[in-house]
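Colleague: Handing you this structure, nothing more for now.
The values are calculated or read from the model by the stated rules, or taken from the named source; none is laboratory data. All values derive from a computational prediction rather than experimental measurement. For neighbour counting, all protein chains shown are included, and Cβ atoms are generated from backbone atoms with ideal geometry for every residue, glycine included. What goes into the accessible areas is simple: the full protein's heavy atoms, side chains included, and nothing from ligands, DNA or RNA. Shrake-Rupley method; radii C 1.70, N 1.55, O 1.52, S 1.80 Å.
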Amino acid sequence: MDKKEFVRQAVEAKQQLFNQVSDQIWQFAEAGMKEYKSAEYLEKVAQDQGFSVETGVAGIPTAFIASYGSGKPVIAFLGEFDALPGLSQKAACPVHDELVPGAYGHGCGHNCLGAAALAAASAVKEYMAQHNVSGTVRYYGCPGEEYGSAKAFMARDGFFDDVDACFTWHPGDVNRAWLNSSLANLSVFFRFKGRTAHAAAAPHLGRSALDSCELMSMGVNYLREHIIPEARVHYAYVDAGGKAPNVVQDHAAVHYFIRAPKVAQMMEIYERICDVARGAALMAGTELEIQIHEGLSDYIPNIPLTKAMQKALEEVGAPNFDEEDKKLAAAIRETLTPDQLNAVKARYASCPELMKRIEEGAVLCDIVMPYQENGPAMSGSTDVGDASYCAPTAQINMATEALGTPGHTWQVTAQSCSSIAHKGNEKAAQVMALAALYAMEDAELLEQAREYLLKSNGGGYRCPMPADLKPTL
């Protein structure tokens, strides 16, 4: 039996179990870094599959590593399981109907992500056991991708340093190898402390922390013209100093996200923004505290490893959706705006075959997208980037939702607990497991992947967060 057939049978044999895993995590729908039920459940499943489990990794209660085997090569799978606020939604329901009003929901499909990655690790473990393959397979339980950046803390503490190849995926609306980088992102609080005074009787005795925030915002807005155009800087006032306009505000704070295509560019912009903040404090006569909350690096797609993922993707193929899946997807697409529907055409204009299928009325992606390098950086950020600076990393998208479904929406939550997601999960697990087996038994591929990493990561991983910063739990 060849690797492809072994993986297919191994994943199919346990698909009912991992569908249950995906749906159970969907039900838990827990906040980032607080996924206590989800982590405990995944740990139990991993143990039942024959993995040893290390919990509380990097000082994070919901981070864990499940391992099987010993020695080299070390093959890793990344799993996520955090949900998003305000995206509760009934399963497989094509109209907006909250399951629990205002609650969290899996509007990014991380229930699928974590379940299928563990299914892939389990299939690789079975192959190793049956074929006496040496090496180590790990499943990294990674909390807080949306909020918390657990992988960055894990990377800072060296948990990826000995990994030879790292595989992951993300639910989406197409089937493709992920060759786009992402934006590095730094989350920073700027807190100003001033002095109160009566705003009418003795304003000269006050020192306004709110003035400092506003001066800082003005300065940063002028700075935008003089940073690279690909960078993004956005902010929110998290403390406006109180509700009384006749009291000079003695405290105020603003929360910034600083993004750039490369982590070094981000840190340079951060230092310039810090200078603006210090100037604002000087102008208003206040004190300043700068507090980095979390930070994550840009994603480096490892080309040799991603080519192996593409090979596996083409061999495994797209999910086999049935008429009921298409009916649900069509109903979901009815809820999308014309702009949202047109966005998918713009996003995938470079794939004539997919465009033809969309024009013919396709509502789900049933093809494998062609391999395309040098795509633009995606506009968002992910802490997978920190793993990719430490170890060769490759990932795919697999269709678990209707074409054009926008991310972080109730529509994603609805489809993430449906037969559409189950079929996408199954194929994603097969692709990752097959690519991992190719890597495990190809020393030349692993060497090429390592060489590519060393040429791409600027001399190694430098965590954007201070060494003494602890995870926000």
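Colleague: Using a Förster distance of 35 Å, how high is the FRET efficiency between Glu359 and Glu40, based on the Cβ-Cβ distance and rounded to 0.05? If you can, show how the numbers build up before the last one.
Modeller: Details: r = 47 Å, r/R0 = 1.34.
The calculated FRET efficiency here is 0.15.
Colleague: May I pose another question? How large is the translational diffusion coefficient of the chain in µm² per second when you combine the Kirkwood radius over alpha carbon pairs with Stokes-Einstein at 37 °C and 0.692 mPa s?
Modeller: Details: Rh = 23.3 Å.
For the chosen part, D equals 141 µm²/s.
Colleague: Could you tell me whether region 313-377 comes out rounded, prolate or oblate from its Cα gyration tensor? Rule is a ≥ b ≥ c as square roots of the eigenvalues, rounded for a/c under 1.5, then prolate if a/b exceeds b/c, otherwise oblate.
Modeller: Details: a/c = 2.16, a/b = 1.18, b/c = 1.84.
Oblate shape, in that a/c is at least 1.5 and b/c is the bigger or equal ratio.
Colleague: When the Cα centres of region 292-314 and region 1-51 are compared, how far apart do they sit, in Å?
Modeller: Cα centres, region 292-314 to region 1-51: 22 Å.
Colleague: Give the relative contact order (percent, whole number) for the chain; include only Cα pairs under 8 Å separated by 6+ residues. Can you show the working numbers first?
Modeller: On the way: 1099 pairs, mean separation 113.5, N = 473.
Value for the chain: 24 percent.
Colleague: Just how far, in whole angstrom, is region 414-436 from region 64-97 if you go by their alpha carbon centroids?
Modeller: What the calculation gives is 11 Å, centre to centre.
Colleague: Shifting gears a bit: Counting only DSSP beta bridges with both residues in the chain, tell me the antiparallel percent, nearest 5.
Modeller: Values: 42 of 60 bridges.
Looking only at bridges with both residues in the chain, the antiparallel portion is about 70 percent.
Colleague: Something else now. How tilted is helix 323-333 with respect to the longest principal axis of the chain? Cα atoms for both, answer in degrees (0 to 90, nearest 10).
Modeller: Taking the Cα atoms of the chain, the angle to 323-333 is about 20 degrees.
Colleague: Let me ask something additional. What relative contact order, as a whole-number percentage, does region 290-447 give when Cα pairs under 8 Å and 6 or more residues apart are counted? Write down the numbers at each step before the final one.
Modeller: Values: 164 pairs, mean separation 66.2, N = 158.
After rounding, I find 42 percent.
Colleague: May I pose another question? Exposed loop sites here are GluC sites (Glu not before Pro) in DSSP loop states with at most 12 other C-beta atoms within 10 Å. What is the longest stretch of the chain lacking them?
Modeller: Values: sites that count: Glu334, Glu360, Glu373.
Value returned for the longest uninterrupted segment is 1-333.
Colleague: Run the quick spin-label model on Lys327 and Glu287: label points 7 Å from Cα toward the beta carbon, then report their separation in nm to one decimal.
Modeller: Computed distance between label sites Lys327 and Glu287 equals 6.6 nm.
Colleague: Taking N as the number of residues in region 92-189, what is its alpha-carbon radius of gyration divided by 2.2 N^0.38 Å? Write out the running numbers ahead of the final one.
Modeller: On the way: Rg = 17.2 Å, N = 98, 2.2 N^0.38 = 12.6 Å.
In units of the globular-protein estimate, region 92-189 measures up at 1.37.
Colleague: Going down the table (Lys262/Lys455; Lys34/Lys193; Lys4/Lys327), which pairs top 26 Å between alpha carbons? Walk me through the intermediate numbers first.
Modeller: Working: Lys262/Lys455 14 Å; Lys34/Lys193 31 Å; Lys4/Lys327 31 Å.
Distance filter (> 26 Å) returns Lys34/Lys193; Lys4/Lys327.
Colleague: Roughly what would the spin-label model give for Val238 and Val53, points 7 Å off Cα along C-beta, in nm?
Modeller: 3.1 nm
Colleague: Same structure again: Just add up the charged neighbours of Asp82: K/R +1, D/E -1, any other residue whose Cβ is under 10 Å from the Cβ of Asp82. Could the numbers behind the result be given before it?
Modeller: On the way: positive: Lys34; negative: Glu30, Glu35, Glu80, Glu145, Glu146.
Surrounding charge for Asp82 is -4.
Colleague: Next up: Using a 1.4 Å probe on the protein heavy atoms, what percent of the accessible area of the chain belongs to carbon and sulfur?
Modeller: Working: 9790 of 19120 Å².
Here it works out to 51 percent.
Colleague: If R0 is 41 Å, what FRET efficiency do you get for Val133 and Asn320 from their C-beta distance, rounded to 0.05? Provide the component values of the computation, followed by the final result.
Modeller: On the way: r = 29 Å, r/R0 = 0.71.
Efficiency for this residue pair is about 0.90.
Colleague: Once Rh for region 195-271 is found with the Kirkwood sum over Cα pairs, what is the Stokes-Einstein diffusion coefficient at 37 °C and 0.692 mPa s, in µm²/s?
Modeller: Numbers: Rh = 14.0 Å.
Approximately 234 µm²/s, per Stokes-Einstein.
Colleague: Go ahead and estimate [θ] at 222 nm for the chain from helices alone: -39,500 (n - 2.57) per DSSP H run with n ≥ 4, summed, over the residue count, rounded to 500. Walk me through the numbers before you get to the answer.
Modeller: Details: 15 runs with 196 residues, N = 473.
My calculation for the chain gives -13000 deg cm²/dmol from helical runs alone.
Colleague: Where Lys and Arg each count +1 and Asp and Glu each count -1, what net charge lies around Thr405 among other residues with Cβ under 10 Å from its Cβ? Don't skip to the answer; put the middle values down first.
Modeller: Numbers: positive: Arg333; negative: Asp173, Glu401.
Net charge around Thr405: -1.
Colleague: State the Cα centre-to-centre distance between region 110-164 and region 216-237 in whole Å.
Modeller: When both Cα centres are located, 37 Å separates them.
Colleague: Accessible area per residue, 1.4 Å probe, Å², for region 120-212: what's the number?
Modeller: On the way: 2830 Å² over 93 residues.
Per residue, region 120-212 has 30 Å² of solvent-accessible surface.
Colleague: For Lys14, what charge total do you get from the other residues with a beta carbon under 14 Å from its beta carbon, if Lys and Arg give +1 and Asp and Glu give -1? Intermediate values should be presented prior to the final figure.
Modeller: Details: positive: Arg8, Lys125; negative: Glu12, Asp48, Glu126, Glu426.
Residues near Lys14 contribute -2 overall.
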